[in-house]
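All remarks here apply to the structure that follows.
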Amino acid sequence: MDYCQLECLFRPQQETRSPIVFIHGFPDSPLMWQAYVTEAERERPWLAGRAIYTFAFPNRQTHPEPIPSWREVRRGVLDDDLAAAFAEVITRSPTGQIIPIVHDLGATATWRYARRRQGQTAFEKLVSFSVGSSLRYDVAEHGLNAMTWLYQVVYIVPYTTRLRPFQRLLSFLLTRAAGYQSETADEVWRDTYHYWEGWLWPLRLPFYMLGAGWERPFLDFQFPVLFMRSHIDRIASTKAFEAELQRRPDCCFIELPDVNHWFPEQRPELVLPVLRDFLV
């Protein structure tokens with residue numbers, strides 16, 4: 001792997017079940033999963049007999065260097081690193097399968113990995129937070145909320161200009177308006193390197209809102225899925241995906257009220273009971 005890191009946090013003496021791979025989102029790090037991998041939690045049935053891995057994108061908290069260039073991100077270097085990590089863990093797995101637990105950027109990249117393989121993956125199950133199997137940007141799907149996609153401009157301006165007022169503005173918006181919490185929130189702009197398309201969104205969005213850039217919903221995945229999102233994360237999912245989850249008896253869809261986008265880290269007490277049931 002050129003830019004990302006795979007770490008084995010725990011391996012039981014008798015590894016008999018598919019390993020877990022935790023993958024963080026923006027602007028987090030593997031530290032967001034601390035409540036899920038405690039010694040007490042590892043003794044519960046859902047983690048018994050499983051190795052536990054984390055996959056880290058470059059991030060300011062645990063893995064600040066090296067940072068890929070926009071050209072490398074566009075070429076897919078992060079996706080290549082994720083595919084290599086999955087291949088490595090699958091090789092080590094006693095079942096030949098894995099269970100990714102993913103959020104935000106990690107969910108987007110994992111769903112892209114599955115789509116490129118037409119749903120034929122070595123996933124025993126997938127747990128996805130906040131981001132669905134495919135995205136839509138049009139008003140038919142989201143109404144005027146489709147304008148929300150312009151957030152990427154706010155993300156990329158501080159990284160490109162390196163001007164402190166823009167960096168502080170981004171930190172303010174994420175913490176005060178969106179509810180993000182971190183002791184290093186003032187430096188969150190450093191993690192926006194992958195939003196290379198941000199400058200293009202003011203030009204793209206008018207066309208996307210009318211249906212340009214529409215992609216066929218990805219619904220033919222062959223593995224069970226637990227999908228949880230906040231009520232404000234509807235923009236990162238589709239009606240078709242959520243209807244498919246509700247139709248399939250091996251899948252589960254839960255919308256959480258009164259939480260923000262970072263509920264997996266901030267509200268693990270809401271997530272863990274569902275996770276334990278789904279993975280036992």
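Quick notes on this structure:
Residue by residue, here is whether (1) under 20 Å from Lys125 (Cα atoms); (2) at pLDDT below 95 holds:
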| position | (1), (2) |
| --- | --- |
| Ala185 | no, no |
| Glu197 | no, yes |
| Gln222 | yes, yes |
| Phe227 | yes, no |
| Lys239 | no, no |
| Arg248 | yes, no |
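- Leading residue by the ranking (nearest to Leu174 (Cα to Cα)) among those in segment 9-60 that are surrounded by fewer than 14 Cβ atoms within 10 Å (Cβ to Cβ) and of a type in the set (A, V, I, L, M, F, W, C): Ala40
Per-residue answers, yes or no, for (1) within 20 Å of Ser128 (Cα to Cα); (2) polar (S, T, N, Q):
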site	(1), (2)
Glu197	no, no
Pro202	no, no
Tyr208	no, no
Ile232	yes, no
Ser237	yes, yes
Leu245	yes, no
Phe253	yes, no
Pro257	yes, no
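- Meeting the requirement of 3 or more residues that are under 20 Å from the mean Cα position of the chain (by Cα) and either touching a residue at least 24 places away in the same chain (Cβ under 8 Å) or buried (at least 21 other Cβ atoms within 10 Å of the Cβ) (or both), the helices (runs of 4 or more DSSP H) wholly within segment 178-280 are 239-247, 263-266, 268-279.
- Restricting attention to segment 10-40, the residues that are under 24 Å from Tyr180 (Cβ atoms) and touching a residue at least 12 places away in the same chain (Cβ under 8 Å) add up to 16.
- Where strands (runs of 3 or more DSSP E) fall entirely within segment 1-100, those with at least 1 residues that are out of contact with any Ser or Thr (no Cβ under 8 Å at 6 or more places or on another chain) and β-branched (Val, Ile, Thr) are at 20-23, 52-56.
- Test: residue in segment 35-46 that is in contact with a strand residue (DSSP E or B) (Cβ under 8 Å, 6 or more places away or on another chain), in the same structural domain as Ala84 (by TED's automatic domain parsing) and among the small types (Gly, Ala, Ser): no
- Selected residue (criterion: surrounded by the most Cβ atoms within 10 Å (Cβ to Cβ)) from residues of segment 112-134 that are touching a residue at least 12 places away in the same chain (Cβ under 8 Å), part of a loop (DSSP other than H, G, I, E, B) and over 13 Å from the mean Cα position of the chain (by Cα): Thr121
- Residue ID - farthest from Arg75 (Cα to Cα), chosen from residues in segment 164-177 that are touching a helix residue (DSSP H, G or I) at 6+ places or on another chain (Cβ under 8 Å) and either surrounded by 15 or more Cβ atoms within 10 Å (Cβ to Cβ) or free of Cβ contacts under 8 Å to residues at least 12 places away in the same chain (or both): Thr175
The values are calculated or read from the model by the stated rules, or taken from the named source; none is laboratory data. All of these numbers come straight from a predicted model, not from anything done at the bench. In this analysis, Cβ positions are derived from the backbone assuming ideal geometry, glycine residues included, and neighbour counts consider all displayed protein chains.
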